[in-house]
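To start, the structure under review is shown below, and the notes come after it.
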Amino acid sequence: MRNMASSGASARGIAAIVGVGPKLGRSIARRFAHEGYTVAILARDLGRLSRFADEIAREEKAQVFAIRIDCSDSKSVKEAFEGVLSLGFVEVLVYNAYKPAMSWNPINFTDVRIDSFEKSLAVSSVGAFHCAQQVLPGMVERGKGTILFTGCSASLNGIAGFSELCCGKFALRALSQCLAREFQPLGVHVAHVVIDGVVGPPRPGPSTSQRPELVGEQHSSGGTGDCARSLMDPDALAQTYWYLHIQDRAAWTQEIDLRPSNNPRTF
C-alpha cells in the first residue's frame, strides 16, 4: 500500500496531499516538503506517485511517502489514511482530486452516462468528505490544522455541457463552507481555492519554493504568445496554498480565487 521514499517522520506533523499529478499536486507537495514537512502524497497511480516521491525527497532533502488511494472508494480512502496516520498526526490536508474529463468539449446533458456522473461526484465531493473525516478528529484534538480544497471555475458557475464537473465542484465548495463554519472556531482552518484558469507545467529553472519572493514580478512561462502567458504556473499556485496554511488565525481566508494576470476565459 505504501512506498516510502524516506523512513521515519518528523514531529512537526504530516502534510497529506490527495490527488497528486505532474502539475499542481506535485508542486504543492514540493512546497510543503521544502518548508520542512513530512509529506504523504496520494493518488491512484502508485508507480508514477513513487517517482514523484523520490524526486521531491531528493530535491528537497525531505521525507516523502507515496500511498495509493481511489477517492471514489470509501474503503480505499480509509486504508490509505491508515497508512498516512501511521506516520503521525495530519496537520495539513490538501484535497486536489477530481475525475478527469474524457474530453474538454461540452457534452450534451442527455448523453451523460449516470455511472460517469456518479463517479465525478464521488471523486470531487464524496472523496473529500471521507478524507476530511479521517483527519478532523486529530486536528480538533490538537486545536490546530489546515484543510484546503481545490476548486475551479466550475465551482462558481454552472456551465453548459459540463454538468458532471460543475455538480461535483459545487458540492465540494459547499462542503468547504460547512466545515469552515463548524471547525474554524475549534482551531481548524478550512479554505476553498478556486483555480480560475488552466494550469500549465512549472516554469523552467528553480521551483518557486527555491526562488526569491518578488511580489508582482512578471515571469516568462517558458512559451511564447498569449497562450503561454495564460497558463498558470503550478509552483506559483502552490505558494498560495502555503500562505493559506501559515495565515494568522485572526484573519483566515475561507475562499480565494486565483487567475493569470491576463484573465483569460476558461470555458
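What follows draws every value from the coordinates through simple rules; no lab data is involved. As the structure is a prediction and not an experimental result, all values here were calculated from the model. FYI the Cβ positions are ideal-geometry reconstructions off the backbone, even for glycines, and counts take in every protein chain you see.
Summarising the amide proton neighbourhood of Gly13: residues at separation of 5 or more, or on other chains, whose placed amide H is nearer than 5 Å comprise Thr38.
The phi-based Karplus calculation (6.51 cos²θ - 1.76 cosθ + 1.60; θ = phi - 60°) puts the 3J(HN,Hα) values of region 57-65 at 4, 5, 6, 9, 6, 10, 9, 10, 10 Hz, whole numbers, x for Gly and Pro.
Each Lys or Arg adds one and each Asp or Glu subtracts one; over the other residues with Cβ under 15 Å from the Cβ of Arg113, this totals -2.
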